[in-house]
Amino acid sequence: MEATITYQDQTYTFNPLQPLDISMPLHDRQPQPECFWAEPVQFDVIRVGDFVGSVAEGGSTNYKRVHVTPHGNGTHTECYGHISADENATIHNCLKRFMFVAQLISVQPQEQENGDFMVLLEDVQKQLQGIKCEAVILRTLPNSDDKLTRHYSGTNPPYLEHTIGQYLAEKGVQHLLLDLPSVDRELDEGKLLCHHAFWQYPKNTRCGATITELIYAPDHIADGLYLLNLQIASLQLDASPSKPVLYSLAPEFPQL
């Protein structure tokens with residue numbers, strides 16, 4: 001089964017029956033990624049009188065309350081409300097489209113003089129040279145499935161050179177996805193330079209732009225061009241747990 005999409009005067013084909021999920025699942029008190037000292041995800045059975053919301057415990061249905069911190073537990077998508085006091089700056093209000101042409105790239109963070117590991121602007125520019133896309137998906141190397149359970153709090157994980165945010169904004173990229181806890185340093189005195197640069201906040205705010213953190217793109221998903229379906233919960237918060245899904249794109253009439 002094939003479908004088509006046209007972007008920048010080029011028509012591409014993709015198979016909607018072959019999705020590539022790059023989100024991290026959330027589990028109940030099981031090993032999973034954690035950052036910024038967030039409490040573990042927890043699913044609690046609702047109990048009211050004689051009712052128990054667990055079929056395993058004899059209830060008629062499963063009925064549970066979920067305790068989750070979007071920024072600290074697994075894959076999440078955030079809007080400029082993350083750094084703004086604007087009550088209307090919620091992910092539900094800001095993200096109005098959900099399908100985008102995206103480029104997946106793999107980049108090795110480089111060690112700096114202070115011991116930090118940073119994704120450098122020049123390495124990102126090399127891979128995006130001449131490429132037009134609405135979203136960029138950044139996979140850091142080395143890439144292994146321990147990212148699915150890694151505890152980042154207090155480890156000063158790799159982050160982006162803040163000029164990458166400015167570069168992507170100038171390039172017209174609306175959505176940035178990456179497999180790190182944050183585009184900025186874990187402890188940076190609240191500067192959040194890459195967040196500010198990408199959203200162009202507060203002087204020329206890009207209200208529809210989003211950042212998605214803690215994705216996981218396995219090695220079998222090759223670098224290249226994809227159709228991105230960015231799924232969120234309709235929460236009136238600055239961020240939501242999310243489920244980005246990719247579909248491989250190929251030119252409808254490839255040049256011979």
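When the stretch 27-65 is examined, which residues are found to be open to solvent by 40 Å² or more (accessible area, probe 1.4 Å), in a loop (DSSP other than H, G, I, E, B) and either touching a Pro at 6+ places or on another chain (Cβ under 6 Å) or polar (S, T, N, Q) (or both)?
Arg29, Gln30, Ser60, Thr61, Asn62
I'd like to verify a number: residues in the stretch 154-167 that are in contact (Cβ under 8 Å) with a residue 40 or more places away in the chain and under 14 Å from Val136 (Cα atoms), how many?
Residues that pass the stated criteria total 3.
Given the conditions (1) in contact (Cβ under 8 Å) with a residue 60 or more places away in the chain; (2) outside any strand (DSSP E or B), which single one is not true for Thr77?
(2)
I need the strands (runs of 3 or more DSSP E) fully contained in the stretch 83-154, keeping only those with at least 2 residues that are in contact with a Lys or Arg (Cβ under 7 Å, 6 or more places away or on another chain).
Strands (runs of 3 or more DSSP E) meeting the threshold: 99-107.
Within the stretch 237-252, is even one residue among the β-branched types (Val, Ile, Thr) and part of a strand (DSSP E or B)?
Yes, some residue in the stretch 237-252 is among the β-branched types (Val, Ile, Thr) and part of a strand (DSSP E or B).
Taking the stretch 84-99, which residues are out of contact with any helix residue (DSSP H, G or I) (no Cβ under 8 Å at 6 or more places or on another chain), open to solvent by less than 70 Å² (accessible area, probe 1.4 Å) and closer than 20 Å to Leu178 by Cβ?
Leu95
All but one of (1) open to solvent by less than 40 Å² (accessible area, probe 1.4 Å); (2) over 22 Å from Tyr159 (Cβ atoms); (3) in contact with a helix residue (DSSP H, G or I) (Cβ under 8 Å, 6 or more places away or on another chain); (4) of a type outside the set (Lys, Arg) hold for Tyr226; which doesn't?
Only one criterion is unmet by Tyr226, namely (3).
In the stretch 113-135, what count of residues is obtained for those that are hydrophobic (A, V, I, L, M, F, W, C) and under 21 Å from Pro33 (Cβ atoms)?
Number of matching residues: 3.
Taking the stretch 122-145 on its own, how many of its residues are open to solvent by less than 70 Å² (accessible area, probe 1.4 Å) and of a type in the set (Asp, Glu)?
Residues meeting the conditions: 2.
Using beta carbons and a limit of 7 Å, which pairs, at least six apart or on different chains, have the first residue in the stretch 220-234 and free of Cβ contacts under 8 Å to residues at least 12 places away in the same chain and the second one not basic (Lys, Arg)?
Qualifying pairs under 7 Å: Ala233/Ser240; Ala233/Pro241.
Is the stretch 43-63 home to any residue that is of a type outside the set (Phe, Trp, Tyr), within 23 Å of Leu176 (Cα to Cα) and without any contact (Cβ under 8 Å) to a residue 24 or more places away in the chain?
Among the residues of the stretch 43-63, not one is of a type outside the set (Phe, Trp, Tyr), within 23 Å of Leu176 (Cα to Cα) and without any contact (Cβ under 8 Å) to a residue 24 or more places away in the chain, which makes the answer no.
So in the stretch 100-118, with the set limited to residues that are within 18 Å of the chain's Cα centre (by Cα) and in contact (Cβ under 8 Å) with a residue 60 or more places away in the chain, which one is surrounded by the most Cβ atoms within 10 Å (Cβ to Cβ)?
Ala102
Looking at Glu189, Glu170, Glu161, Glu213, which is the one that is touching a Leu at 6+ places or on another chain (Cβ under 9 Å), farther than 27 Å from Pro19 by Cβ and either open to solvent by 60 Å² or more (accessible area, probe 1.4 Å) or charged (D, E, K, R) (or both)?
Just a single option satisfies the conditions, and that option is Glu161.
The values are calculated or read from the model by the stated rules, or taken from the named source; none is laboratory data. Every value quoted in this text rests on a predicted model; they were computed, and no experiment measured them. Cβ: placed from backbone, ideal geometry, glycine included. Neighbour counts: every protein chain shown. Calculation scope for accessible area: heavy atoms of the full protein, side chains included, ligands and nucleic acids excluded. Shrake-Rupley method; radii C 1.70, N 1.55, O 1.52, S 1.80 Å.
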